[in-house]
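All remarks here apply to the structure that follows.
Any read-out appearing in this document is the output of simple, stated calculations on the displayed coordinates, not a laboratory observation. Here the structure is a predicted model, which is why all the values come from computation and not from measurement. Note that we place each Cβ from the backbone using ideal geometry, even for glycine, and neighbour counts take in every protein chain shown.
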Amino acid sequence: MSDRLCLVHYHEIGLKGKNRSTFENQLVHNLNRAMRGTGVSRIARISGYIVVEVEGGNATPEIAQIIARVPGVARVSLAYRCNLDEREYCRAAIDVMREAGDFYTFKVHARRSSTAYPIHTLEMNRIVGTALCEAFPEKKVEMHQPDLQVVVHAVQGSAYVYARGIRGVGGLPVGTAGKVVTLLSSGFDSPVATWMVGRRGAVCIPIHFSGRPMTADTSEYLTQDICCALAPSGCIGRLYVVPFGDHQREIALAVPQELRVIMYRRVMLSVAERLAAIEGAKAIVTGESLGQVASQTLDNIAAVDEAVSLPILRPLIGSDKTEIMARAEQIGTAEISSQAAPDCCTLFMPKRPETHARLSAVLEAEALFDKDAMVDDLLQLMEYRDFDGCPSYHPPKVLRAHHAELLPADYRPKTR
């Protein structure tokens, strides 16, 4: 008798040394959170895999799709688990072939992690291959580049039989690389940058600078929708929103017009650095791409980076817009980001922004207003909303009492 489950494959975790079990356990922890409410009854490690069992013993492609979105998962296979009995795993292999769709050539790949099982893998290949040839005489065996590979893996007293799989996002489990603060807008770039760093195991703490009260709060709602779209990956812990409009106006009136954007970004990074100290984050992430806009030239990037001492990660620095938008489609944020929303990026923009700023000129301009007092004020105005999708996120105690929630707890993103 066999049941259907999801077999989770990982690649990069398998290359780890003595701390491999730490990464495996974190992935199991994250999968347990991601699969809440889906009917999953058990998630456990076996030799080289993670097994996800479903109530009733009938895992579905929909379950596999949810698993595939969790960082650390390289591939998910719908597998039959049966006893180490030739007749049982041959029947399972026939069922796998029947479900595999359109193909012409195939091969059998038997593996044996259970040395207590006496039949050698070569003999297992012959037994299963003979059964499949008898059941599908129109199919052809091809050992080198088959259309379909049927795997029969003997491990820990059971045989797992599967063929095709769903490709996962790969990377490392969220919670294995510490915390980062990410500058998150409602555009295309920063959500992708946030996801890419989350995929490398970091817990992401987004901070959104809104143009409120000088603009509508549309971008805030869209940013929350983006966080909800990224929530299945488990990388979003908490969203902070900073109403920046009045302070942008103050900067625009004080500094030379061509340096406004650089000054906005220096203040944003300073706020993000202060937030990182509260959250215990070790880096700041931005969605900048080299040369994409005036503020993203090498000279301007250097002038902005000087404002903080934390490392600034730019995972999109070498990407073009086409690549970024393709990735946004893949992670489910493109439709949200395509909606126009005024935010702080559209406020008080200069006609001719500086593209090659000199640090000395930037520091002179910054002395024209009280930047430290502004950062203090912005932190006091900051609001937040927690997301129930990151099992590795623990909010800082210092912010639990005196900051208002951004939106009611029963808020749900608009259906689009």
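Computed values, structure above
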item	result
Relative packing of peptides 323-334, 218-229 - highest average C-beta neighbours within 10 Å first	218-229, 323-334
Residue-span extension gain [Leu122 to Asn19] - 0.36 nm each, minus C-alpha spacing	33.8 nm
The stretch 3-167 - percent relative contact order, Cα under 8 Å, separation 6 or more	27 percent
For the stretch 318-376, convex hull volume per residue from C-alpha positions, Å³	185 Å³
The chain: angle of helix 218-230 to the longest principal axis, Cα-based, in degrees nearest 10	20 degrees
DSSP bridge pairs, the chain: antiparallel proportion in percent, nearest 5	55 percent
Segment Asp95-Val141, length gained on full extension (0.36 nm per residue, minus Cα span)	14.8 nm
Where only alpha carbons of the stretch 179-399 are counted, the Rg and the Dmax (Å)	16.2, 46
Relative contact order %, the stretch 179-399, counting alpha carbon pairs below 8 Å whose residues are six or more apart	34 percent
Inter-part distance where the stretch 40-103 and the stretch 274-347 are each reduced to a Cα centre, Å	38 Å
Residues with amide H under 5 Å from that of Arg212, placed H, sequence gap 5 or more	Phe244, Gly245
Computed [θ] at 222 nm, deg cm²/dmol, the chain (DSSP H ≥ 4; -39,500 (n - 2.57); rounded to nearest 500)	-11000 deg cm²/dmol
Set of lysines with alpha-carbon distance to Lys140 below 22 Å, sequence-local pairs under 8 removed	Lys107
Pairwise FRET efficiency - His11 versus Cys133, Cβ, R0 = 45 Å, nearest 0.05	0.90
Per-pair calculated FRET efficiency, R0 = 56 Å: Ile46 and Ala340 via Cβ, rounded to 0.05	0.70
Projected area, mean over directions - the stretch 3-167, Cα convex hull, nm²	9.8 nm²
Acute angle (nearest 10 degrees) that the helix 189-198 long axis makes with the longest principal axis of the chain, alpha-carbon atoms	50 degrees
Average Cα contact separation per residue, the chain, under 8 Å, 6 or more apart, as relative contact order %	17 percent
Translational D in µm²/s for the stretch 279-326 (Stokes-Einstein at 37 °C, 0.692 mPa s, Kirkwood Rh from C-alpha pairs)	280 µm²/s
Lysine-lysine proximity count for the stretch 179-399, Cα under 24 Å, sequence distance 8 or more or distinct chains	6
